[in-house]
Amino acid sequence: MRKIRYYSLWCALLPLLAQAQWLSDTTDLTPEEIAIGMYIEAEVASEEDEPYSLDEIDEQGGVMPVIFSGYWDGDTLVVNTSKDDLQERIFVRTPEGLVVYRIHRALPPNMPSVHPADSVYRHIWTNSLVNPYGIEIAEIPEPVRIDLSGFSLPHRGRVTSHFGWRPRFGRWHYGVDIGLRTGDNILSAWRGQVRVCGWDPRGYGYYVVVRHDNGFETVYGHLSKILVEEDQGVEAGEVIGRGGSTGHSTGPHLHFEIRYQGININPELIVNFDRGDLQNEGILLLTHSMLTARGQKRPAPVQTTLPQVEEILPDTTAMTPEELEAFHQERQAKAEQRAREEAERAEKARQAEIARQEAAERARKAAAEKAKREAEAKKKAQEEAARKKAEAAKWYVVREGDSFWSIAQKKGISVAELKRLNGFNDKTVIHPGQKIRVKK
């Protein structure tokens, strides 16, 4: 932070005021205040400074000091000052008449002058929209390092609806639903600042959006009551509302979303809702594959593999030998525990694969045995049908008007052979309906 002499600054800038046609509505401002505004204009336009960081201005000669800090509200930089006798605000306008700076004596309660993630969100802070950013996935560099430490589960309950495509409704579900009872406490997942307290009758119902210091934003929907205010700072685990079933909801539950720059992430990649903690502690390496853009018209793969996480290591240089030894022992114990858990998961996966293969082999054998039985039964039925057909061909049922001679002609045998097959003699008389043998 550089320091400048306020009086020298004013003297240097005052001759330029006559040519400063872009300043308007300054009749109630002193030349010193206009000079301050012009200095801020020059500082923000400087390539050396980020738009949200202002240099420190010290007044010399025993005059009251003024320290500026600011945050962006849309296109307006709101600047805080501790100088009590400074006028309520200073307007500095562009040639188009747009207000670009406004100096306030006080900020809303608990509101930091610059949110830690302000630059990530391009200095956009609004209380009216869940996603005012219009950022595409391709615009986000990867990987992005997100500090997951300090997490608190928003509500302990069973996940009743997962992240992903909902065939029943033909649309995506961009969060997870957690079952609860109306009136249950809903907690902030990480430390941050409330950006939106809203009402959406056809969607979220009563909802809260919190921008967290680590760069995430979280959405809490279907609340029965909101217990925080917009621009309020909140700690991880602080109660921000009560669970309910407001808006488009089939029953009491919490709709919970995790977003980065307005783009959704499957919360179950980050949080293990069964255990009630993070999937992995440390620094999350956020990649494009973990992000799901809005407006998809058909199902697409949902990232479900655990994200890569880097371990957060404390500064060991200031530790005593005893603290250092305890630190390494704790790390070793955690490493051994992780190794055991990994071995257990691997063994469970191996046993599951063996069981799956055995079940598949049993199913294959059962299917083969069934096919064999069906083939044998079919063959036997065919043979039986052929036998019955052949047996039926050996017999003839006498009809009205038949004689030995006419039957012998039909069946291609002699009358003598017909009588011999049936044990008839020359005196035998046949009758209609009588069954006689015509083949051996």
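The values are calculated or read from the model by the stated rules, or taken from the named source; none is laboratory data. Every value quoted in this text rests on a predicted model; they were computed, and no experiment measured them. Here the Cβ is made from the backbone with ideal geometry for all residues, glycine too, and neighbour counts use every protein chain on show.
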State whether the residues of the stretch 313-320 include one that is modelled with pLDDT of 80 or more, farther than 21 Å from S149 by Cα and part of a helix (DSSP H, G or I). no
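This table checks each residue for (1) in contact with a strand residue (DSSP E or B) (Cβ under 7 Å, 6 or more places away or on another chain); (2) on the phi < 0 side of the Ramachandran plot; (3) modelled with pLDDT of 90 or more.
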residue	(1), (2), (3)
A236	no, yes, yes
G247	yes, no, yes
T250	no, yes, no
E257	yes, yes, yes
E268	yes, yes, yes
I283	yes, yes, no
Q296	yes, yes, no
A300	no, yes, no
V309	yes, yes, no
Selected residue (only one of G157, G205 is over 16 Å from the mean Cα position of the chain (by Cα), under 19 Å from V130 (Cα atoms) and surrounded by fewer than 21 Cβ atoms within 10 Å (Cβ to Cβ)): G205
Please go through the stretch 144-182 and pick out each residue that is under 22 Å from Q303 (Cα atoms) and of a type in the set (V, I, T). V144, I146, V159, T160, V176, I178
Conditions: (1) more than 30 Å from V309 (Cα to Cα); (2) within 37 Å of the chain's Cα centre (by Cα). A333 meets all but one. Number of the miss? (1)
Restricting to the stretch 208-249, name every residue that is basic (K, R) and surrounded by fewer than 17 Cβ atoms within 10 Å (Cβ to Cβ). K225
With (1) over 28 Å from I258 (Cβ atoms); (2) surrounded by 13 or more Cβ atoms within 10 Å (Cβ to Cβ) as the list, and E281 as the residue in question, which single condition is left unmet? (1)
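Here is a yes/no grid of residues against (1) closer than 20 Å to G150 by Cβ; (2) at pLDDT 95 or above; (3) touching a strand residue (DSSP E or B) at 6+ places or on another chain (Cβ under 7 Å):
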residue: D177; (1), (2), (3): no, yes, yes
residue: Y207; (1), (2), (3): no, yes, yes
residue: G243; (1), (2), (3): no, yes, yes
residue: I263; (1), (2), (3): no, no, yes
residue: G276; (1), (2), (3): yes, no, no
Being among the charged types (D, E, K, R) and either modelled with pLDDT of 95 or more or crowded, with 23+ Cβ neighbours inside 10 Å (or both): is that true of R191 here? no
Yes or no: E353 acidic (D, E), part of a helix (DSSP H, G or I), surrounded by 10 or more Cβ atoms within 10 Å (Cβ to Cβ) and modelled with pLDDT of 85 or more? yes
Can you pull out the residues in the stretch 189-207 that are within 17 Å of G175 (Cα to Cα), part of a strand (DSSP E or B) and in contact with a Gly (Cβ under 6 Å, 6 or more places away or on another chain)? D200, G205, Y207
Identify the single condition in (1) in contact (Cβ under 8 Å) with a residue 40 or more places away in the chain; (2) more than 18 Å from R259 (Cβ to Cβ); (3) of a type in the set (K, R) that R166 does not satisfy, given that it satisfies every other one. (1)
Restricting attention to the stretch 373-420, which residues are of a type in the set (D, E, K, R), out of contact with any helix residue (DSSP H, G or I) (no Cβ under 8 Å at 6 or more places or on another chain) and either assigned to a strand (DSSP E or B) or under 18 Å from G433 (Cβ atoms) (or both)? K394, R399, E400, D402, K410
For L306, are the conditions met, namely being within 24 Å of P143 (Cα to Cα) and assigned to a helix (DSSP H, G or I)? no
I'd like to know if the stretch 195-211 contains one or more residues that are farther than 29 Å from E136 by Cα and either touching a Leu at 6+ places or on another chain (Cβ under 7 Å) or among the aromatic types (F, W, Y) (or both). no
Is at least one residue of the stretch 270-278 in contact with a Leu (Cβ under 6 Å, 6 or more places away or on another chain), assigned to a strand (DSSP E or B) and surrounded by fewer than 22 Cβ atoms within 10 Å (Cβ to Cβ)? yes
What's the total number of residues in the stretch 169-188 that are in a strand (DSSP E or B) and touching a residue at least 24 places away in the same chain (Cβ under 8 Å)? 8
